[in-house]
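Below is one structure; the comments refer to it alone.
Readers should treat all values here as calculations from the given coordinates under stated rules, not as data from a laboratory. All values derive from a computational prediction rather than experimental measurement. Note that we place each Cβ from the backbone using ideal geometry, even for glycine, and neighbour counts take in every protein chain shown.
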C-alpha cells in the first residue's frame, strides 16, 4: 500500500492530530485543578478554577467530537466506497471548528462564557457550531446518498451524529428559571453521552471489529442493533437521574432510579460484544494494538460508565453523593473508557492505513495502552477515596465544606501522581502518532470519484 | 436465534417507544415545575441574579441544586446557612473572609448586584427539591455556629451571630480564623474597637479582618456587646 485511498482521509488525519493537541491542553488544565485542590493555586489570578474547569471539560467535548468527525471522514467514504462528497467543504469544516474551539478557549480566560456546565461556549459561538455541524452532516450524508451503499454501520454512525446535532439545540434555549435551564441542559449532556454518542460508539466499534476480527458483517451489525436498542431503552428515561433534585416531580426518583439501573446493561452488552467478536474472529489482523484499544474501550466503558455510574445513581445514594467528588470519580473513568479509548482505537486503526507505515509494531503502543489505563484507574481510585470521605464528613457528619476539603487534600496528591502516570501513557501514544508521520499522497489521476480501480 | 431484522425492530421499538414516554413525562413535568419552584416569586431581581450567576460561571467552582464543580460549597440552601448579612459582607471581598484559604475570584460586585445574587439564591432555596440536600444525619447534636446569648443577660446582635462567629470563636463556639473574642472588652477601649470594626485597615494595614460595611447602629450595638465581654465573666 503506497497511496491514499480517499482524499478525505487527510481531513480525518487533521482531525486526529487536532485531538492530540486538544487532549494535551485538557491534561494541562486538569493538573492546574489538581494542584489547586491541594492548595497550590498560584495561577489563581490568571487561570482561576472555573476557567480551568470550563477549559478542561470543553476541550474534552471538542476533542471527542473532533475524533468522531475524523472517524466519520475515515469510515463513511470507506463504507460508501467513494470519495467524500466535497473534500473542500471538509477542510473548511475542520478549519472553522478549530477556530471556534480556540476562540472559545481564549474567551474562557476573559470571563466570556455561559456558566452552564459542559455548555460554557458563549451563545454567538453556538451558532457557528451549528453551521459547522450542518456542513459536516451535509457532507457525510451526501456521501452515503451518492455511494448508494447503505450499511448499518454507516447509517448508525450518521444517525448518531445527526441526533447529536439536533440535541444540541435544546441547550441553546434561554430560560429565566434555573429549573427549566437545568432540565433542558441535560437533554444535551445526558442524551449525548448516555444516548446518541453510544450510537456513534457502537458504529465505530462495529466498523473496527469488522475490519480487525474478520467476523461476518451481518453478525456484528445484528448485535449493533441490540446494543443501541438497549442503550435507548435504558438511557432515554435514565435521564431521570438528573431530575431527582432540581425541582421536578417526585416520580423522577422512581423512573430515573429504575432506568439508570438498566443503563449498565447497554455497556455490559458493549463489553461482551467486543470481547466475543475479538475472540471469535478467524482473521488475525496485524494491527493488534487497535484491537486492544477496541476491546479495552468495551470493557472500561462498562466499568467507568456502567458500573461506577450505577454506584451512585440510585436516589437513596445520590441524595448524599450528588454534587460531590464522587461524580468526578465516575466522570473520569466513564469518559475515558467509553469515548477517549474509542477515539484511540479508531486512531490506532486508521493511522497505518493513512500513512502506510506499520508503527503499530512499535513497543510504545502497548505501553501507551497499559500505562494510561493504569494511571486512569488510579486517578479514579483517588477521586473515589476523596469523594467518599467528603460524603461522610460533609453530607452526613455536617462538617464545614472547607474543613472537609482540607481533610481530603492529601488524596489530590495521589490524584496528581496517578495523573502523571496517565500523562506518560498519553505521551507515548502521541509519540507513536508522530512516528507515523503525515498521510500518504493521493495518486493524482483520480478522474472522478467513481469506482475505478477500487481494490476489493 | 434473533435475526438481523428482528434486532432492528427491537432497536426501533425501544427508541421510539421510550422517546414517547420521555416526551409525555416532560410535558407533565412542565405542568408541575411552576408550582414546585414558586415561579410567581421569580421576580426581576432573581432573573438578574441568575444572569450574574451564569455570566461569571459560578458553576465552574460551586454546585447549585447539586450541579456544577466541586471546588467550592454547594449553594442551594446558602441563604438559610449563612444569612443575608454574611453573604453581603462575603461577596464584597471573598478572600477577606477566609484569609490564606481557598480563593474565590474577586468580582467587585455592586451592592445592587449582590442583592440580585442573594435574591436568586433565596428563590433557589425555596424550590421543592425532593429533600436535597439532606440534613446531615450523623451530625453532633449541638448547632455548630449559632451563638446563643442566653447565658449572659445581654442578647448578642444579629450581626454577631451571622458574621463574626464565622471566623471568631466565642464561648467555645465559632470559627478559628481570627482570635477568640472572649474577654475582648478587657483588651480594647470602646472607641478603638468601634474604629476597628468600621475600618480595620485604618487601624492595622494589611490585616485579614474584612471591611464589614456595617451601619452606625450596628457598630454601636456590636461595640456595646463586645465591650461587655470580660474574661472573668466568661467562665
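Neighbour counting of Cβ atoms within 10 Å sorts the residues B:102, A:149, fewest neighbours leading, into A:149, B:102.
Residues considered: B:159, B:79, B:21. Largest GNM mean-square fluctuation over chain B, using C-alpha springs under 10 Å, is found at B:21.
How far is the Cα center of the range A:407-431 from the Cα center of the range A:185-199, in Å? Using only Cα atoms to place each centre, the spacing works out to 28 Å.
Semi-axes of the equivalent ellipsoid for chain B, computed as √(5λ) from the eigenvalues of its C-alpha gyration tensor and ordered from largest down, come to 48, 20, 17 Å. Model label points for residue B:177 and residue B:231, set 7 angstrom from Cα along the Cα-to-Cβ axis, are 2.7 nm apart. Extent of the range B:39-126 along its three principal axes (Cα atoms, max minus min coordinate, largest first): 42, 27, 24 Å. Its alpha carbons considered, the range A:254-331 gives a radius of gyration followed by a Dmax of 15.8, 50 Å.
Rounded to two decimals, the Cα-based Rg/Rh of the range A:2-94, with Kirkwood Rh, is 1.19. Out of all Cα-Cα pairs in the range B:145-234, roughly what percent, to the nearest whole number, are more than 17 Å apart? Result: 46 percent of Cα pairs exceed 17 Å. Relative to the longest principal axis of the Cα atoms of chain A, the long axis of helix A:178-191 makes an angle of roughly 40 degrees. Taking other C-beta atoms within 10 Å as the exposure proxy, A:322, A:285 rank A:285, A:322 from fewest upward. Set against the 2.2 N^0.38 Å expectation for a compact globular protein, the protein assembly as shown has a Cα radius of gyration ratio of 1.07.
With N as its number of residues, the range A:10-167 has a Cα radius of gyration that, divided by 2.2 N^0.38 Å, comes to 1.16. Taking the number of Cβ atoms within 10 Å of each Cβ as an exposure proxy, the fewest-first ranking of A:19, B:167 is B:167, A:19.
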